[in-house]
Amino acid sequence: MRPFSPGSHFAPATAFTIKGKGDGDERVRYLPSRVKATPFDSLAGDTHLPKDWPSDSLLYPLTGNSIGMQVSLPGLLVCAAILLVAYYSRGMLIIGLIASQAFGATAVMTLSFLGGSSPLIYTLFAGLLVTAVAARRRIWFDLGFVFGSIGSIWVLTSLMLYAIIGSWLFPRFFAGQTTVFVQSKNRGTVVEDSLAPVSANISQTGYFILGGLAAIALCALLLHSNRIDQIRRGFFLWCGLHAGMGLIDFIGKTAGAGDFLAPIRTANYAIISNAVEAGFVRITGPFSEASSFASVSLACLAFCYSYWRKTKSPLAKWLAGILLFLSILSTSSTAYVGLTLLCIPVALSMLQSVIRGKVAREEILIIALMVVGGTAVLGISLYKAEALDPFVRLINSTIINKADSGSGHERTYWNVKSLQSFLDTSGLGVGFGSSRASSWPIAVLSQLGLFGSLMIVALLYVVTRGLGAVREWVDAETDAIVTSVRNAALASIIAMSVSGGSADPGILFFIALAVVCATRARARRGVAALERSVPAPGHATVNVL
């Protein structure tokens, strides 16, 4: 549990007075609604109080009533800024939704009636997108066109219905028959408990359904008119914001100036923004922790690298370099494992180019940089071996010894118990939001069960396949954008497979699903129109003079 103050990352819900025993010292502090403390609960050893406060402080309710909903002013200001930029970028809804992903710990509000859930700002933009499409005059025609053109939307809709039913039914049907990991009602930490309905069944399912509806709405817009350029501008704005705020966070912490981005971290999360790993300051950017920042960095890096390789864009090249730098310095095991896995297709692509005898200039540049970097490391180690000791300690603590650490043992235990809950429920799952895991595939299996997992796999296959055979029927720019968006979503899935705790694949996955499916449908429609316009053999008209 972290310090409570009106300006902290915890959105205030209930005011409390913290008093020292017998010294008359009394200060007002705020406690998140999810932590239900009672009078005379000792905070010693559980909360980092200010140094000038007695260690035997007690907690007294000041108001006694929690606020049902509290709006975040920084969150609203960030939303207004994104809307303004997106409006002048000629794509307010699509660009705004994509760019809002850069703010991973900025909440719009805090909902105490849902266990202190704090929706991030992307939920506002997703809601605006869905509402704007639903308000169109031809909404039923658009929906019919979407469901008639894209078969994957039927799978997505079935999955959404299954998630809703499962989140309500399974925690009640299998109540007490297995154990799950949930947020503690009293301490704000993850604890092991018997399966039962929790507020996360509503909040997590709501986020998942909102993502699915956003995908359907985005398909309707992309099928109606060609908005692929808005997708490109939105992703570059997202990557630019992420890289810029990452650099600001890195420079501020390295220079000892403090955390510049603390005011925009308003989500009701456990914020770990000032941690140090093996002597290195961990980069969190606008996110709650280094692993979350690293996950998004990998997705942005995959987009920029793919777009650079396809189009030779200088902007994409420089952004990819900055994002690679930030990913390495994030000191997150998620970043290092994710980078290793992402390097596999890159290496295979280069090997294929070498076998064909057609090595591109960009590939030569990458190989040259790797050689220079390896030579530099070798030279430093020979000249002054101890100079690399901090980096060796970093690698040991984040990768080599990670599994043997307390955190590693804890997360392994989460995954084992999540798999056990899958078996205890006969493969049906515990329901969306009922539990936490430490790997996205395991979370999907334990929460959605076998049937839901198969539908997730089907959607994941659609995204992985990308344009497939219709690639030859789209222009080079569209191919580059769709491929880059797909790779960004797959990189995000890889990162969540390392450290993801929820079954929700995230809004980026739904955006990529919509972009891939809508582009394929438009390409097929173009091919069909072309075939109708060309007369069949033997049916040519003859001009009679």
(request) Can you tell me the dipole magnitude for segment 412-535 around its Cα centre, using point charges on the Cβ only (Lys, Arg +1; Asp, Glu -1), in Debye to the nearest 20? (result) 160
(message) What number do you get for segment 199-296 when its Cα radius of gyration is normalised by 2.2 N^0.38 Å, N = residues?
(response) 1.39
(request) Give me the compactness ratio for segment 116-267, meaning the Cα radius of gyration over 2.2 N^0.38 Å. (result) 1.38
(message) With a 1.4 Å probe and all protein chains kept in place, how do Thr334, Thr340 rank by accessible area, largest first?
(response) Thr340, Thr334
(request) With all protein chains present, calculate the accessible area of Met92 using a 1.4 Å probe and round the result to the nearest 10 Å². (result) 80
(message) Using a 1.4 Å probe on the protein heavy atoms only, what accessible surface does Glu410 show? Give it in Å² to the nearest 10.
(response) 90
(message) Charges at C-beta only: +1 for Lys and Arg, -1 for Asp and Glu. How large is the resulting dipole of segment 162-304 about its Cα centre, in Debye rounded to 20?
(response) 260
(request) Take every Cα pair under 8 Å in segment 123-210 that's 6+ residues apart, average their separations, divide by the length, and report that relative contact order as a whole percent. (result) 27
(request) With θ set to phi - 60°, apply the Karplus curve 6.51 cos²θ - 1.76 cosθ + 1.60 along segment 212-226 and write out the HN-Hα couplings as whole Hz, x wherever there is a Gly or Pro. (result) x, 5, 5, 5, 5, 5, 5, 4, 4, 5, 6, 6, 6, 8, 7
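Suppose accessible area is computed on protein heavy atoms with a 1.4 Å probe; arrange Ile283, Ile165 from highest to lowest.
Working: Ile283 0, Ile165 105 Å².
From most accessible down to least: Ile165, Ile283.
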(request) Report P(r) for segment 88-183: all Cα-Cα distances, bin width 5 Å, range 0 to the bin holding the largest distance, values in whole percent. (result) 2, 10, 10, 14, 19, 18, 13, 8, 4, 1, 0
(message) Heavy atoms of the protein only, probe of 1.4 Å, neighbouring chains included. What is the accessible area of Met69 in Å², nearest 10?
(response) 100
(request) Would you compute, for the Cα atoms of segment 253-365, the largest minus smallest coordinate along each principal axis and list the three values in descending order, in whole Å? (result) 52, 27, 26
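The values are calculated or read from the model by the stated rules, or taken from the named source; none is laboratory data. The shown structure was predicted, so the numbers you read here are calculated from the model rather than taken from an experiment. Cβ atoms come from the backbone with ideal geometry, glycine included; neighbour counts cover every protein chain shown. We work out accessible area using only protein heavy atoms, side chains counted, and drop any ligands, DNA or RNA first. Shrake-Rupley method; radii C 1.70, N 1.55, O 1.52, S 1.80 Å.
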